[in-house]
1. Computed from the mean reciprocal separation of all distinct C-alpha pairs, what Kirkwood hydrodynamic radius does region A:152-258 have, in Å?
2. Please build a GNM for chain B, connecting alpha carbons under 10 Å apart, and tell me which residue among B:282, B:224, B:61 fluctuates the most.
3. Taking region A:231-293 on its own, what percent of its Cα-Cα pair distances exceed 20 Å?
4. Can you figure out the FRET efficiency of residue B:41 with residue A:194, using R₀ = 35 Å and their beta-carbon distance, to the nearest 0.05?
5. Counting only Cα atoms, I'd like the Rg/Rh figure for region A:15-79, Kirkwood definition for Rh.
6. Amide H to amide H under 5 Å from residue A:253: which residues, 5+ apart in sequence or cross-chain, H placed 1.01 Å off N in plane?
7. At what distance in nm do the modelled label points of residue A:270 and residue B:193 sit from each other, each positioned 7 Å from its Cα along Cα→Cβ?
8. What residue among B:254, B:213, B:95 has the largest mean-square fluctuation in a Gaussian network model of chain B, using Cα springs under 10 Å?
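Please treat every number below as a calculation from the coordinates, not as lab data. If you're wondering where the values come from, they're calculated on a predicted model, not measured in any experiment. In this analysis, Cβ positions are derived from the backbone assuming ideal geometry, glycine residues included, and neighbour counts consider all displayed protein chains.
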Amino acid sequence: MSAVIETTNLTKHYGQVVAVDNLNLTLQEGEVFGLLGPNGSGKTTTILMLLGLAEPTSGDARVLGVDPARRPLEVKRRVGYLPDSVGFYDDLTATENLGYIARLNGLSWQEGGRRITDVLARMGLADVSERRVGTYSRGMRQRLGLAEVLLKQPVVAILDEPTLGLDPEAANEFLRLILDLKRDGLVVLLSSHLLHQVQVVCDRVGLFHKGRMVLEGTVETLADQVLGGAYRIRLEVGGDGLDETLAGTPGVVGVSRENGRIYRLEAKSDCRAEVARRVVSKGVPLLSLSLERPGLDEIYARHFHGGQYEA
Amino acid sequence: MRREGSPWTGVWAVFFKELADHLSSTRMLILESLTFIMALIAVFTATQTLTQTVGEDPFIFLKLFTTDRDPLPSFLFFLGLLIPLTAIALAFDAVNSEHNRRTLSRVLAQPIYRDALLLGKFLAGLTTMAIMLAALWLLITGLGIFRLGVVPSGEEVARGLLFLLATLAYAGVWLGLAMGFSVLYRQPATSALATLAVWLFFAVFWNIITQIVAQAVRPIEYGFPEEQLRQIQMQLFLSRLSPNTLYTEVLLAVLNPAQRALGPVLVTQLEGAIMGTPLPWFDSLLLAWPQLIGMIASVILLFAWAYVNFQRQEVRA
């Protein structure tokens, strides 16, 4: 059995509002999965159901083969959770905050103390472990949250909007820590609406919209699916009248023109050589030509503004 | 849906954390100092009155609680004010502060049920009160020994312990109420005000209301004694819905060994009774048994109310 998290037709209603709608999600061992979607698209609700903190209206969830609605303690013992906008007891030190969590997990004093020292050192908080958490910066709090997740030595880590509100440097550092987790063999479920960050660390992503997972797969396959071609070519030229020439190039699916002499081509294959040859043969100077990998941001924007998902 | 795993898991972890928080909090420090200062003043003045009658009264240590001397009221009066206040201060932000600090989802993501969190917090509050009351009782008794020069009898100690139990139950009522409101309202200020409003209602308005209602429901039309009795019984019934009345009646029975009834007594019922003779402590306990059980039952009901609301609440902030 290799499915670590598996949901079948998982549904949650809040009154009339459908928060999660027939979700089918599978996470394999050793995988980093990104749950993406705008605020209020059902990401947090899904996570709460996976932890047994919210009861599904219908459908079924299995975490490590256990039903979290029936045996939540077993699930929570092996799954670490970092909530969005995590909070700590501000008048306690980092060590004391983690000490409480260690005791809630039933760890002995020695074992708890040893693990706390370990995780704080690993998160780079060893120097400030005796400072009150009230004095911590947002990035430090987030790392303390991750330290807490690691404290129980989980099999699965669920991180809800972990980079929200961090400055770019702190966010990148945090993403590196997530990659470390992956190297240790943890399964990571990451929720975010900051697509370009998720792209860096996730093996697969699922795009949420109004409680449904509308797209799922690796970033490359999604690009294929949504953009029709996975290649985007940007070229800058020194003249006009190229639209038809470019559109006629084999492999090119779409041409769009940005401010004056910059074109963007969508192509099914890397047809840069052919494009260059055609531009030059037209007698127009070619100033630059480059290949752009489509980002998640773009896939997302394309998909949701394509008309079929008007908000 | 049946859930598996013990709801008790983690209850002691929560209990000890909350207890440590309470015992070291500024809030408790202020209230405890206030209580102890008042206790000292009340007992000091009481002993001044009592030293004149040391030899005559067999229950002089109980008198320490009840004796007042103008212009100062007795220790019990102070306690009646401070117990609800302290209990409310301990619990009014028990759950909503976890919400507001965004620690709730983090704590509930640990392998515990919500039951453990609420129960642990409640027990910690109750234990804090118990520690404070026990210290207070010992302080007063010690001061009494020092000032009066006699030691308390076994009977007095037994009654003193009953007094502690009753006060703890009374504190539990306000603790449960404050905790219930802390589940219900997200703002700590709102829950504190709501609990204080209920306390004020029972402390000030309830007696007036019971009088008016009793007069309206059981009016005295012809002046028969039966009518008067029925009105008094009606009023007593209504006023016993208030925890304050229950507490006062328990204390009356426990701290006044001569007290033989709580409520109206007919002359025929007193036939053969030697007025002013003390009852054994166990009989006094029997006298106040319904009131004591009533208070404990209210504690359980209030906790259950808080519990049900907490279980239904969404975890997310």
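1. On the way: mean 1/r = 0.0588 Å⁻¹.
It works out to 17.0 Å.
2. Looking only at B:282, B:224, B:61, the biggest GNM fluctuation is shown by B:224.
3. 10
4. Values: r = 62 Å, r/R0 = 1.77.
Computed FRET efficiency for residue B:41 and residue A:194: 0.05.
5. Here the Rg-to-Rh quotient is 0.95.
6. A:266, A:267, A:268
7. That separation, rounded to one decimal, is 6.8 nm.
8. B:213
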